[in-house]
1. Please list the non-local residues whose amide H lies under 5 Å from the amide H of residue 105, H modeled 1.01 Å from N, same-chain partners needing a gap of 5 or more.
2. Mean residue ellipticity at 222 nm from the helices of the chain, using -39,500 (n - 2.57) per DSSP H segment of n ≥ 4 over the full residue count, to the nearest 500 deg cm²/dmol?
3. Stretched out fully, how many nm does the piece from residue 286 to residue 397 gain, at 0.36 nm a residue minus the Cα gap?
4. Could you sort the peptides 147-156, 268-277, 61-70, 87-96 by per-residue average Cβ neighbour count (10 Å cutoff), highest mean leading?
5. By Kyte-Doolittle mean hydropathy of at least 1.6 and Cα axial length of at least 24 Å, which whole DSSP H helices of the chain are selected?
6. What's the long-distance tail for region 23-126, i.e. % of Cα pairs beyond 17 Å?
7. In square nanometres, what is one fourth of the surface area of the convex hull spanned by the alpha carbons of region 277-400?
8. Multiplying the sequence separation of residue 81 and residue 302 by 0.36 nm and subtracting their Cα-Cα distance, what value in nm do you get?
Amino acid sequence: MSDIRGQQTSAQPPTGGAKTPDGSDRPGGILMGRPFGVPIYVTPSWFVIAALITWIFGGQLASVLPELGGTRYLVSLSFAIAFYGSVLVHELAHTLVALRYKLGVRRIQLQFFGGVSEIDKEAETPGREFWLAFVGPLLSLLLGGVFYLALLGVEPSTVPGVLLAGLMVSNLVVAAFNLLPGLPLDGGRMLRALVWAVTGRAMTGTVAAAWVGRALAVAVLFGLPAIAAARGGPDRTTTDSLIDGVLSAVLAVIIWNGATGSVRNARLKEALPGLHIPDLARRAVEVTADTPLGEALRRAREAEAGAVVVVDGRGEPTGLVKEAAVRGVPEHRRPWIAVGALARDLEPGMRLRVDLTGEELLAALRRSPATEYLVVRPDGSVYGVLSLMDVERRLSAAVSGRPRG
């Protein structure tokens, strides 16, 4: 399954965690290489699905090639690796088109249910969106054709014949599944592009494809176990039914969450241009580091301010009092604790220009994760303090469709 999720996550606020060398906020798994400068990771979940494929395919080989004995599991493991090699080709197709359109690709991940190409930016036109999505299934179809032609040159009842047949069928299944017209599948992005082209609104396309994706999730949840049961015959065991049910449920959840996430991130993208620091920044009072916390809070209440900036003897800002630290101090102790003990030193990345907006603002927050930022005017004077919590609250309201509070 190919889910171009990086397009959906590039506009998220920072989490404060350490970044990996490729600029992502979390470890990507085992680094396997960097073709075209894009890191490829294999996640721990891949080893689970590889073992499952090896077990299932090995059981099928017992009836097709009984002379293999225990070595059939080595053949099955080879199939699992080759199959995920095909998935990687599918994802590299997305990556090359994204690089051609200068969208940027953060990384590729191979995981439990296939691969993920994390693309930094959205396609600018519905035509580019369509081709960016379609090229993955197209490559899978071509691979299926290549394996079919190769199969014509070998004996079907041999190890090469069985492997080539399995790879042909699996690539055709991957292509067909990804062409289903619901997000987060490639077919869903193609449907999104078509609706976008007709209506002129990307959000309309996203909502339409997301609802189809949710319908697909329900169909997968109930349909796949029913089909497997109908085809299984009298030899089907309870274990087989349980495995089919669990895999169908996991896949349905992934599709449902992916469709929902697509709508969330489309709303987020629409909301970004309206993200302005003056609408979010809190008024601040300036105090020296030795000022008692109780006194600083009294001045803040009088000034109707929501933040405290620590300044030196010359009036230059040196730190920001952390709101979380203030909440942790009992009321009766506040007159005896200096604000300097509750402040974070002001680092260069924690100064934001008051005119930052949208993606430029979020990029600045990602570069220097913190809970509070000092907002300054063009002349360097203090405008106020921007709380990350306020930014997250505004973005959450946009994502959920709630009006701004």
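Just so it is clear, none of the values below were taken in a lab; they were calculated from the coordinates. Just so you know, these numbers come straight off a predicted model, no measurement behind them. Note that each Cβ is placed from the backbone with ideal geometry, even for glycine, and that neighbours are counted across all protein chains shown.
1. 120
2. -18500 deg cm²/dmol
3. Here the segment from residue 286 to residue 397 would lengthen by 36.9 nm.
4. Put in order of decreasing packing, that is 87-96, 268-277, 147-156, 61-70.
5. Qualifying helices, which must be both long enough and hydrophobic enough, are 159-178.
6. 58
7. 8.0
8. Answer, rounded to one decimal: 72.9 nm.
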